[in-house]
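Step one of this worksheet: look at the structure below.
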Amino acid sequence: MSTSLKARIADVFEEPGCDKNQGKSEKDRKKGCSAQLAPGAAAGGCAFDGAKIALQPIADVAHLVHGPIACEGNSWDNRHSASSGPQIYRTGFTTDINELDVIYGGEKRLFKSIREILEKYDPPAVFVYQTCVTALVGDDIEAVCQRATEKFGKPIIPVNAPGFAGIKNLGNKLGAEALLDYVIGTVEPEFTTAYDINIIGEYNLVGELWQVKPLLDALGIRILCCMAGDGRYKDIASAHRAKVNMMVCSKSMINIATKMEKRWGIPYFEGSFYGIGDMSDSLRQIAKLLVQQGAPDELIGRTERLIAVEEARAYQRIEQYKQRLSGKRVLLITGGVKSWSVVAALQEAGLEIVGTSVKKSTKEDKQKIKEIMGDDAHMIDNMTPREMYNMLRDARADIMLSGGRSQFVALKARMPWLDINQERYHPYAGYEGMVELVSEIDRALSNPVWQQVRLPAPWGDDGETLGAVPVLAAPATDLQANRFLTEVAAHALGLAPEEVPA
């Protein structure tokens with residue numbers, strides 16, 4: 001690992017917003033995060049993957065991976081981050097280094113790749129991602145990017161986050177550091193208003209940002225930039241002129257919020273767009289901080305009127321689901337801000353939370369869970385698949401909400417499952433998103449397929465009947481065939497043959 005990368009990692013782990021690091025002694029804090037990854041830990045994502053996830057939703061720039069083609073293949077478009085315009089971020093660019101590049105170095109190949117992208121696509125900027133192999137052979141992507149910037153007159157941004165540097169969350173922060181070092185503050189906006197805000201750590205999954213933006217537009221609040229969902233390079237470069245920052249996912253980009261507050265005096269708060277109450281609280285926080293920063297006082301009154309209207313409409317729409325969902329038990333396997341924000345949203349629909357994962361949650365996240373759930377808070381730090389299966393099989397939960405990696409545990413237990421993570425196809429943010437979430441849970445629980453798959457199979461492991469159904473002779477006539485089907489149906493339903501409806 002290079003000296004510059006070590007220094008950068010040490011700086012990231014001095015982050016005042018990281019409660020885990022601040023809980024260490026002065027001596028331990030200077031060491032940064034020296035613990036080695038356990039075998040198999042990369043299954044949760046490496047540092048490169050984390051940096052790519054954090055920055056790829058910037059829609060109008062080219063994202064070039066300097067490394068073997070498999071690195072780009074494994075990280076390309078792995079979230080449903082939507083764009084309202086440019087689509088170049090969906091194109092997978094890689095230098096595709098080979099054995100000769102490992103021996104002689106891949107810096108020339110990188111420079112040529114940057115030139116080819118600029119000539120063919122003409123993006124406003126190119127983000128270059130370091131990977132394990134190129135970092136190990138010593139390719140200096142900072143020097144190459146600096147030379148390319150001077151040569152072509154466009155910003156070429158190095159993202160020095162090779163996979164071996166650490167876990168995905170560290171990569172998120174290293175990607176954020178690249179924005180702080182090379183992007184934010186380099187461009188002045190065409191104009192500013194007293195209502196300008198930045199939204200940090202929001203990825204516009206399945207267009208969730210677009211469910212929130214109309215609410216802000218109705219209040220006259222302008223999103224100066226979103227980091228990084230549906231983001232634009234120029235907007236992010238001018239983000240230092242915003243009046244307020246909203247932190248959506250503190251695990252990923254808290255260092256941007258704290259350093260922007262230190263450098264430009266921009267206050268920030270952590271909020272959530274999930275759930276009716278949390279959406280309203282976020283709007284109130286934005287309005288309050290904007291007024292403190294110089295916006296007219298009447299903004300607070302307009303915000304309260306908008307909240308009253310939207311809350312009444314949302315509660316009216318979810319009322320039809322409450323009778324069916326009331327008392328249903330949910331196992332929530334997620335993390336970060338969703339570990340508490342989704343809890344609040346589900347409780348508003350009358351659902352009971354039997355457990356919520358806190359594997360990727362901060363100290364503040366855990367405190368909010370306790371405030372929401374009280375003494376009944378069951379926080380799961382690291383539940384194994386076997387434990388998930390046992391909880392579902394024993395009917396201690398009626399449905400599991402999680403990411404795609406856990407879906408097969410629920411399916412094996414023959415229990416409903418709903419995707420709540422980044423791979424999902426339904427947006428759940430804002431008031432509209434809350435109604436959508438409740439509707440999807442109701443559909444999953446009411447799906448008749450679960451009653452079907454829970455019936456015992458009428459065959460054994462060898463494909464032969466083993467008493468699950470009566471062994472009858474093959475029917476010779478239509479009358480015998482009808483009698484055969486009636487007896488099979490009676491056995492499956494636990495009825496006498498004469499009780500089976502015709």
TODO: Restrict the search to region 100-197; then list the chymotrypsin sites (Phe, Trp or Tyr not before Pro) that DSSP places in a loop and that have at most 10 other Cβ atoms within 10 Å of their Cβ.
DONE: Phe191
Open item on the list: Assuming 0.36 nm per residue, please report the length gained on full extension of the stretch Ser4 to Phe164 beyond their Cα-Cα distance.
Closed with: 56.1 nm
TODO: Give the Rg/Rh ratio for region 188-339, taking Rg as the radius of gyration of the Cα atoms and Rh as the Kirkwood radius, to two decimals.
DONE: 1.00
Open item on the list: If you average the alpha carbon positions of region 217-293 and of region 375-416, how far apart do those two centres end up, in angstrom?
Closed with: 34 Å
Open item on the list: What distance in nm lies between label points placed 7 Å from Cα along the C-beta direction at Trp459 and Glu319?
Closed with: 5.1 nm
Task: Length gained when the stretch Tyr425-Lys108 is fully extended (0.36 nm per residue, less Cα-Cα span) - done: 110.1 nm
- [ ] Send over a whole-number figure in Å² for the accessible area per residue of region 295-337, probe 1.4 Å.
- [x] 55 Å²
TODO: Arrange the peptides 225-235, 422-432 so that the one whose residues have, on average, the most other Cβ atoms within 10 Å appears first.
DONE: 225-235, 422-432
- [ ] Set the Förster distance to 25 Å, then compute FRET efficiency between Phe152 and Gln87 from the Cβ-Cβ distance, nearest 0.05.
- [x] 0.65
Open item on the list: Out of the GluC sites (Glu not before Pro) in region 147-224, which ones are loop residues according to DSSP with at most 12 other C-beta atoms within 10 Å?
Closed with: Glu190
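The values are calculated or read from the model by the stated rules, or taken from the named source; none is laboratory data. Keep in mind that what you see is a predicted model, and the values were worked out from it rather than measured. Virtual Cβ from ideal backbone geometry, glycine too; neighbours counted across all protein chains shown. Surface accessibility is based on the protein's heavy atoms, side chains included, excluding ligands, DNA and RNA. Shrake-Rupley method; radii C 1.70, N 1.55, O 1.52, S 1.80 Å.
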